[in-house]
Structures are given as structure tokens and as C-alpha cells.
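All of the numbers you see were taken from the coordinates with simple rules; none came from a lab. Please read all numbers here as calculations on a predicted model, not as lab measurements. When we count neighbours, we look across all protein chains shown, and the Cβ atoms used for this are built from the backbone with ideal geometry, even at glycine.
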Amino acid sequence: MKRILMIVVLLTMGGLQLSAQTKSKPKPAAKGAKVSAAVMTNGNKIYGQYCLSCHMADGGGVQNMNPPLNGTSYVLGDKTRLIKVILNGFSQNVDIDGESYTNVMAPHNFLKDQEIADVLSYIRNSFGNKASGISVLEVKAVRAKNKK
Amino acid sequence: MNRNLLKYVLAATLITSVASFYALKSDEGVKADPDNAGLKLPEGFGALKVAETGAKARHLVVTPQGDIYVKLAKPKDGKGILQLHENSDGKAQLTGGFGNYGGTGIYLKDGYLYASSNQEVFRYKLNDQNVVLSPDQPEKIVTGLKMGRQHETKSLVLDNDGNLYVNIGAYSNSCQVQDRGYQSPGMPGCPILDSAGGIWQFKANKLSQSYGDGIRYATGLRNVVGLDWNQQNNQLFVMQHGRDNLNSSWPALYDVKESAELPAECLYALKKGDNAGWPYLYYDQIQHKKIVAPEYGGDKKKEADAKYLDPAVAYPGHMAPNGLLFYTGKMFPEKYKNGAFIAFHGSWNRAPEPQKGYFVVFQPFKDGKPSGDWEIFADNFSGTPEKAAAGRADHRPCGLAQGADGSLYVTDDSKGSIYRIIYTKK
């Protein structure tokens, strides 16, 4: 009986831990720049031109190759890190939310600050994502530091 | 009352067991699943799901004794090679696993099982029942091969003269200064080619070989995943994954439609010393020409130097040929004999155009040369045409193997299903 009790306790603890883990997923920032329809329209246009061929129309990416953009910590989390992905590209050997992706993303530093701000704001508010927008000033600041 | 009930129960049990015994009897032998495992096949063929491994199942081999060795892209529970055994009905269960490395290549030849990680090739001695003798003590045949983030897999095959052929994929799309970059030019005299972007030949029985011991058998091949030895004319055939990003890197030259169709996925018949021309050219299957790559001064029309190898067959772009198998079995009708099956894993770089592939193609051959038009042999791995078009396939065909009875096996590296296609018409 004692043993059964132990098991029940352990299972419950495990369950709690599990639910705690799922809760610790990146939360989109509640406040921040509101994304206008004009930004979404322009962001969509830039996405179609430079992003869609790898990340797909639904933002779901390609298994083992190109990471998805929906619900991932890279997109919804730290803005500076996200802006740097656009400026510098991405070819690090890291797991993104438990999966690895092999394709190389080239730097997209040829995009203007406004274009980067719009496409990132679009991505953060498409494919089921809901997060604050990214402003031109934020992009400008990251690019200035990125250069030195 | 209770006694009567007991009698009924006993009688019912007896009838059920007798019935199931007879059912079992009549079911003896390999039978297609009622839904052909979800596949669409030519008339007279059927398919069954041999197993669901839940792992990234890449290439596989099947022994005459009904053991299946499957190479996994990523080890599952620490095992990079799964071992399964088939029951008499064709369904298999997991019997073991070994090799703590991920990879793609696996091949069975002359009493040895060869398998590759993304940098090395190992071999395992088999007993007379084709069972691996010491799963934890393989011989290391090749070591220190280059591995980039992309095209990292090392597919392999053996000839009949004790040689091993290993693909070393180019860790680049088109050898640009900035890989996959916007209008980034090609590196002059592509330096990647000295140690990748080709097929290397090694001795099948010599330990710890690396670049210095091997021969660059063929070069100018961006990445090969499916390859096989043609027994009819004793020659290596490979399927190249063609380049990507014609539109995203060179939007002024290629629109999205052209970029989705071009370039071809090519089948090459290789001889020692051949050069298929990557990254300097690509094959345009619509113009039927070798075209200079935009990174190297191409304008979509300029033809490449004729010295480079022509493909034996050119297939539509981006379908990702991951498995090649010459069919030498007796089960399938005569037209399939010595022809090639090609597993097309399915595209991604056709977006926003509909994706293509996710099927197994049959390419007829005559006297060791392609002869006649290819056709889709096994389709609907994706589940529905819509899922294929969206690139959201349920299953993705990858490896091919032939069973001793002539069955065709296909792996799926998405969900880990193993399919077996049989000819059922009497």
C-alpha cells in the first residue's frame, strides 16, 4: 500500500512538473507597438519575396531543413536576436525547440530598416503568432551595434 | 442457469478459436493491407505496412532470412540502426538495435553490413544467417569525411570488385561566396570540390581510410542520396539533388515559376573521372541543355562547356531523389526487370508553386541504359494531393530495398513507416 502511495505521489509530481514545463513556453510580450494594417500588408509582400520560399506560405517551415516561424521562441522571444537573424543570417548548429534544421539562411542585411521592421512585425502576427510589433528604431539600433 | 451460461461461453470460445485458427491458416503468407497501406499502385500490386518505427528511417536492407536493418537519421533510444524481424504474414517487430550514430547509408554485401554516419563508414560481420555478430564492435572502414550543415549524409554502395562508393555532398547550394545569398557570385574554382561534391571510392575491406586512401571517383555532383550499382552493365548510377534558390538569389533572371521547375533532378551513369559540372552549371530539362549557373556568369541561356557529363535522365526540379534501386527480382512483371525505382522524398524549394514528389517512380531500362518514359509507380505517401501540394505530406519516401522474394521495400523518414510492395496478380 505504501508503495502504491509512493507511486501515486511520484506520478502526481511528474505531472505537475510536466505542466510546469509546458507553461514555461515563451510568452509573447503583452505590450509594445501595435501592428497596423499597412505594416501587415507591406510585411506580407516582403515575406512573399524573401522568406516564403524557405519558410513556406503557412510559416510552417520544412522538416529538418528550414525552421517553422509559428510558435517558436526565436520568433516570439528576444527581438534583438530575431533582428540579428535577418541581418546576419543563420547557420548555427542549434536545436530550435527540440528540432534541428540544416539549411543555411543567408544574411538579409540588404533589406531596409523599414522592410525588416515590417516583415518581422508581420511574422510575429501571422501563422497563429500574436506578439508585439518591431519598430524601425529597434531595427536601426540593432543594425548600428551589429556593424562595429 | 449459471451452468447453462458457462456452457454457452465455452461453446462460443471454442467456435471463436476454431474460426480464428482457420482464419490464420487461410491468411498464411504475405498479404497486402486492405487499404494497400494508403498507397496508390498500378493494377495487380498491393502494399502492406511492415512496421511503424516512429523514427527517421532512411536507407534499409532486407535479408533473405526476413531481418530488416534500418539506418536512422537520428538515433532512437541510442540506436542508430534498427533491427526488425518479419513474421510469416509480412508484419515485422523490433528485435534490436545498435550503432549510436545517425546517418543514411546502409548496404549488405559479401557477409558484411556496411553503414555510415555523416563522417564515417563502418562494417559489421554477419553470420551465415545474415545476423550481425558483434553489434558493438564494427570495423571502421572510412573516417574523417567532411560534413557540413547541409548535404551531410554519406550514402554508400559496393561494386563486385571489393570497392565502396561514398557520396560526400557539397556543403553549399551553388558554391557562392555567401551561400544561398542574394546575388552572391560563385567562388572561383570552387574550393569545395577537393573534398566534397562528388563520389569517393574506397576499398571495402581496408580499415581507417580517409581522403588520402580513396579516389575521387566522380566530381561535380552537388549532393547524391540515392545511388545503386547496376549489375547488368557493372556501373554506378546516382541521383543528384539539383541546386535551389534560382529565384531567391537571382530574381532578375528567374521568376518563381522558372525557379520551381528548374533545374532538373538528374540520374547520372558514372565512370571513373566523370565531372557532372556542379556548381558551374545546371541541367535545364525544358531546353534539354547544360546551362551556365548564374553564379558563374550564366544568363539562363548560355550553354556550359560540352566536356561536362550529360544526365542519363532528367526529372522535374526539387523533388529530392533519396532512393535508387535497380530491380533484379522475379516477383514483378517482366517490364520492371533491371529497371530503376526512384524514391522522390518531395520538394520544398518550389514554393509558392505547388510542391511535387512524395512518390516512387519507375524508370524503364534496357541493356543497362534508360529506355522509355518514367512513370509514377507508388503514390499518395502524402495522404492527399492537397497535402503534397502544400508540402505537408503525412509520409515521405526515402530508402528502397528489394526482398529475397522480389518485394520492394520503402522507408518513410517522416513518421518511420516501412512499406512493402508486392505483386498480387496470379
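Quick notes on this one:
- Backbone HN-Hα couplings from phi across region B:112-127 [Karplus 6.51/-1.76/1.60, Hz, Gly and Pro as x]: 10, 9, 9, 8, 10, 8, 8, 9, 9, 10, 10, 9, 10, 5, 10, 7
- Where a label projected 7 Å from the Cα of residue B:194 along Cα→Cβ would reach, residues of region B:210-235 with amide N under 13 Å: B:212
- Ordering B:219, B:133, B:177 by Cα displacement along the dipole of region B:121-228 toward the positive end leaves B:177 in first place; charges were set at the Cβ atoms of Lys, Arg (+1) and Asp, Glu (-1).
- Residues residue B:307 and residue B:425, FRET efficiency given R0 of 45 Å [Cβ-Cβ distance, rounded to 0.05]: 0.40
- Remark: spin-label model distance residue B:231-residue B:288 equals 3.3 nm, labels positioned 7 Å along the Cα→Cβ axis.
- Taking every residue in B:339-350 and counting other chain Cβ atoms within 10 Å of its Cβ, the average works out to 2.
- Within the shell defined by Cβ-Cβ distances under 14 Å, the residues around residue B:422 carry a net charge of +2, with Lys and Arg each +1 and Asp and Glu each -1.
- Tensor-based shape of region A:56-148 (alpha-carbon gyration tensor, a/c under 1.5 rounded, otherwise prolate or oblate): oblate
- Anchor residue A:140: aspartates and glutamates whose Cα lies under 20 Å away (excluding residues fewer than 8 positions away in-chain): A:78, A:113, A:115, A:118
- Overall, chain B carries a charge dipole of about 480 debye about its Cα centre when +1 sits on the Cβ of Lys and Arg and -1 on the Cβ of Asp and Glu, all other atoms neutral.
- To the nearest ten degrees, helix B:2-26 and the longest principal axis of the Cα atoms of chain B are 40 degrees apart.
- Restriction of the GluC sites (Glu not before Pro) in region B:39-103 to DSSP coil positions whose beta-carbon has at most 11 other beta-carbons within 10 angstrom yields B:43.
- GNM result for chain B, Cα springs below 10 Å: residue of B:370, B:75, B:352 fluctuating most strongly: B:352
- Efficiency of FRET from Cβ geometry, residue B:161 and residue B:77, R₀ 45 Å, rounded to 0.05: 0.75
- Computed FRET value (nearest 0.05) for residue B:33 with residue B:183, which takes r as the C-beta separation and R₀ as 56 Å: 0.65
- Extension gain, residue B:139 back to residue B:94 (0.36 nm per residue minus Cα-Cα distance, nm): 13.8 nm
- Dipole axis of the protein assembly as shown (+1 Lys, Arg; -1 Asp, Glu on Cβ), positive-most option in A:94, B:273, B:321: A:94
- Among B:363, B:137, B:402, the largest mean-square fluctuation in a Gaussian network model of chain B, built with springs joining Cα atoms closer than 10 Å, belongs to B:137.
- Of every Cα-Cα pair in chain B, the percent that sits beyond 32 Å: 38 percent
- Sorted ascending by nearby beta carbons within 10 Å, beginning with the fewest, B:291, B:168 become B:291, B:168.
- A simple spin-label model places the labels of residue A:146 and residue B:367 6.0 nm from each other, with each point 7 Å out along Cα-to-Cβ.
- For the protein assembly as shown, cysteines whose Cβ has no other cysteine Cβ within reach (under 4.7 Å): A:51, A:54, B:266, B:398
- Straight-line reach from residue A:145: taking Cα to Cα under 22 Å and skipping same-chain neighbours fewer than 8 places apart, the lysines in range are A:79, A:84, A:112.
- 5 angstrom amide H check on residue B:33, placed H, neighbours 5+ away: B:47, B:48, B:49
- Debye-formula intensities of the protein assembly as shown, expressed as log10 I(q)/I(0) at q = 0.07, 0.10, 0.13 Å⁻¹, are -0.47, -0.90, -1.36 (one equal scatterer per alpha-carbon, no solvent).
- Put a plus charge on the Cβ of each Lys and Arg, a minus charge on the Cβ of each Asp and Glu, and nothing anywhere else: the dipole of region B:88-201 about its Cα centre is then about 280 debye.
- Take every pair of alpha-carbon atoms less than 8 Å apart whose residues are at least six positions apart; their mean separation over the length of chain B yields a relative contact order of 14 percent.
- Overall, the protein assembly as shown carries a charge dipole of about 1720 debye about its Cα centre when +1 sits on the Cβ of Lys and Arg and -1 on the Cβ of Asp and Glu, all other atoms neutral.
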